[in-house]
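The structure appears below as structure tokens.
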């Protein structure tokens with residue numbers, strides 16, 4: 001089983017000189033890819049993250065040290081190739097995806113649905129919120145509508161380079177081809193510049209949190 005997962009780690013990815021974490025079985029059905037913990041039975045992954053100091057947002061989450069941190073709500077402790085591999089282990093299928101063809105694509109992306117949450121410890125226990133709650137629309141004074149996100153898997157560009165790795169982004173909301181997970185809601189292009197980190201969640205810049213992604217039931221013909 002571990003050998004099969006190791007294959008999935010590089011499935012569809014171009015050769016790269018950068019070291020990638022190996023797959024370690026923690027217990028039956030639970031695997032570790034660097035800092036990412038994958039539960040294949042629950043179809044769920046979790047990974048440490050940090051709330052950034054960014055205010056006006058264009059992405060939900062960037063990679064560790066990603067240069068898009070200045071416009072991302074979260075910095076995730078992993079790289080894009082490992083994150084995508086972990087998503088594949090949850091059973092999502094790139095064949096179901098409609099990847100945005102350009103930044104601010106007016107046509108919403110499609111893909112297998114996932115739920116994304118953020119949690120952290122408080123004196124009263126663990127607090128968990130949907131990631132949508134982190135994104136406050138200044139035009140309405142409310143967070144963006146609740147609902148699933150979609151796995152698009154990013155895309156490859158010239159010389160077989162993985163765009164999510166190049167741009168250093170994992171979760172987006174303005175309909176971009178780069179992120180591994182995107183926002184299927186319409187109106188993202190019009191919202192650019194109006195989405196800020198929601199101060200009412202209690203998730204403050206510099207806080208250590210956990211990002212959880214759960215693959216939802218797939219309803220495809």
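The values are calculated or read from the model by the stated rules, or taken from the named source; none is laboratory data. Note that this is a predicted model, so its numbers are computed, not measured. Reconstructed Cβ throughout: ideal geometry from the backbone, glycine too, with neighbour counts over all protein chains shown.
Here are the numbers for the structure shown:
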item: Residue identified as out of contact with any helix residue (DSSP H, G or I) (no Cβ under 6 Å at 6 or more places or on another chain) and modelled with pLDDT of 95 or more among 158, 132; result: 132
item: Flag for residue 73 being in contact with a strand residue (DSSP E or B) (Cβ under 6 Å, 6 or more places away or on another chain) and closer than 14 Å to residue 153 by Cβ; result: no
item: Residues (touching a residue at least 24 places away in the same chain (Cβ under 8 Å), out of contact with any strand residue (DSSP E or B) (no Cβ under 6 Å at 6 or more places or on another chain) and at negative phi) located in the stretch 94-112; result: 94, 97, 99, 100, 101, 102, 103, 105, 106, 107, 108
item: Meets criteria (closer than 25 Å to residue 190 by Cβ, assigned to a loop (DSSP other than H, G, I, E, B) and either modelled with pLDDT of 95 or more or touching a helix residue (DSSP H, G or I) at 6+ places or on another chain (Cβ under 8 Å) (or both)) for residue 106; result: no
item: Residue within the stretch 174-192 that is over 22 Å from residue 81 (Cβ atoms) and in a strand (DSSP E or B) present; result: no
item: Filter result (touching a strand residue (DSSP E or B) at 6+ places or on another chain (Cβ under 7 Å), more than 11 Å from residue 86 (Cβ to Cβ) and not in a strand (DSSP E or B)) within the stretch 26-41; result: 29
item: Residue count for the stretch 129-153, restricted to those that are touching a residue at least 60 places away in the same chain (Cβ under 8 Å) and more than 17 Å from residue 215 (Cβ to Cβ); result: 5
item: Qualifying positions in the stretch 37-63 - surrounded by fewer than 15 Cβ atoms within 10 Å (Cβ to Cβ) and either within 13 Å of the chain's Cα centre (by Cα) or under 24 Å from residue 200 (Cβ atoms) (or both); result: 53, 55, 56
item: Residue that is nearest to residue 79 (Cα to Cα), among those in the stretch 45-56 that are touching a helix residue (DSSP H, G or I) at 6+ places or on another chain (Cβ under 6 Å) and not in a strand (DSSP E or B); result: 52
item: Subset of the stretch 116-136 (residues that are over 22 Å from residue 189 (Cα atoms) and outside any loop (DSSP other than H, G, I, E, B)); result: 117, 118, 119, 120, 121, 122, 125, 126, 127, 128, 129
item: Any hit, the stretch 187-194, residues being in contact with a strand residue (DSSP E or B) (Cβ under 7 Å, 6 or more places away or on another chain), at pLDDT 90 or above, surrounded by fewer than 18 Cβ atoms within 10 Å (Cβ to Cβ) and closer than 22 Å to residue 137 by Cβ; result: yes
item: Boolean, residue 80 is more than 16 Å from residue 183 (Cα to Cα), surrounded by 21 or more Cβ atoms within 10 Å (Cβ to Cβ) and touching a helix residue (DSSP H, G or I) at 6+ places or on another chain (Cβ under 7 Å); result: yes
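Residues are listed down the side, and each one gets a yes or a no for (1) under 19 Å from residue 177 (Cα atoms); (2) within 17 Å of the chain's Cα centre (by Cα); (3) surrounded by 15 or more Cβ atoms within 10 Å (Cβ to Cβ):
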| residue | (1), (2), (3) |
| --- | --- |
| 35 | no, yes, yes |
| 65 | no, yes, no |
| 91 | no, yes, no |
| 106 | yes, no, no |
| 124 | no, no, no |
